[in-house]
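The values are calculated or read from the model by the stated rules, or taken from the named source; none is laboratory data. Since the structure is predicted, the reported quantities are computational estimates derived from the model, not experimental observations. Cβ placement follows ideal geometry from the backbone for every residue including glycine, while neighbour counts extend to all protein chains displayed. For the accessible areas, the whole protein counts, side chains as well, though only heavy atoms, and no ligand, DNA or RNA atoms are used. Shrake-Rupley method; radii C 1.70, N 1.55, O 1.52, S 1.80 Å.
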Amino acid sequence: MHHETFPMKKILTIFLLLLAACAKEPPFDPVEKFKDAENKMQKFKYDEARKAYQEIQEKAPDRSYDADIMLRIADTYYGEEKYAEAQVEYRAFINFHPVHRDASYAQYQVGMCSYQEITTIDRDPALTRTALKEFQALLTKYPGSPYEEEATKYITICRDKLAEYELYVGRFYHKKGSYLAAVGRLEKLLKDYPGSTAEKDALYYAGLSYQELGEKAKAISNFETLAAKYPAMAKEAHSLITKLKTQ
């Protein structure tokens, strides 16, 4: 009998200690936790903020797909420059809340995630194309949104970057002596990205490439357009035209 009472007392003590520990822990308050997370966001403590938002999702299941929390989790990744993760979260937000007041913001951020990862013009332009597509989607899906002006600005930048890439490839072919390949890329540039920052050089190198191919009429046409659209290049363009006409 003596041997049985000691373990029972020990079990009772452990039980009481556990009960006391549970009693000390305050009930989970998602509103207070959200305020805490927002405070961390303002201090740029993105990792801590994300953990707080995720805790709300775990401990308050009814708020698992709360729009504000989903968006803020995406923002924490964006703030940390983890653009691939951020893009996944922004897309999830749009899927769950396509007509939410912040859906246009999420769509804008999807574009920005790709844009932020764009590097120099001599790299694969896939990210630029993706960013361009997402900014264009914003204009289509959310016309008149507060992000329309910014998206339009980035559309122009992306188009210029893609045109610069085509110019980079076209000039590479021209310098290599692959004139047919050069005019193929440069004509595509002129057709797809009219008025881009690369247009002037594209007209010039397309004209030179046509000249090398012995296609005088096409060469002259490019130089004439160059002279008409870019007065600073008019003198050189007219000089090239004169030489072609006297050959």
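Here are the numbers for this structure:
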item: Residue within the range 79-89 that is of a type in the set (Phe, Trp, Tyr), within 17 Å of Ser145 (Cβ to Cβ) and at pLDDT 95 or above present; result: no
item: Count of residues meeting criterion [surrounded by 20 or more Cβ atoms within 10 Å (Cβ to Cβ) and outside any helix (DSSP H, G or I)] in the range 196-216; result: 2
item: Lone qualifier among Ile73, Ile69 - being under 24 Å from Lys33 (Cα atoms) and at pLDDT below 95; result: Ile69
item: Residue list for the range 92-139, restricted to those being touching a residue at least 24 places away in the same chain (Cβ under 8 Å), β-branched (Val, Ile, Thr) and surrounded by fewer than 22 Cβ atoms within 10 Å (Cβ to Cβ); result: Ile118, Ile121
item: Pairs where the first residue, in the range 20-48, is on the phi > 0 side of the Ramachandran plot and surrounded by fewer than 16 Cβ atoms within 10 Å (Cβ to Cβ) and the second is assigned to a helix (DSSP H, G or I) and modelled with pLDDT of 90 or more, C-beta under 9 Å, 6+ apart; result: Phe44/Gly79
item: Hey, Lys161 surrounded by 17 or more Cβ atoms within 10 Å (Cβ to Cβ), among the charged types (D, E, K, R) and under 28 Å from Ala206 (Cα atoms) or not; result: yes
item: Sole exception among (1) open to solvent by 40 Å² or more (accessible area, probe 1.4 Å); (2) farther than 17 Å from Asp66 by Cα for Glu89, by number; result: (2)
item: Among residues of the range 42-84, those that are under 20 Å from Val110 (Cα atoms), among the hydroxyl-bearing types (Ser, Thr, Tyr) and part of a helix (DSSP H, G or I), counted; result: 5
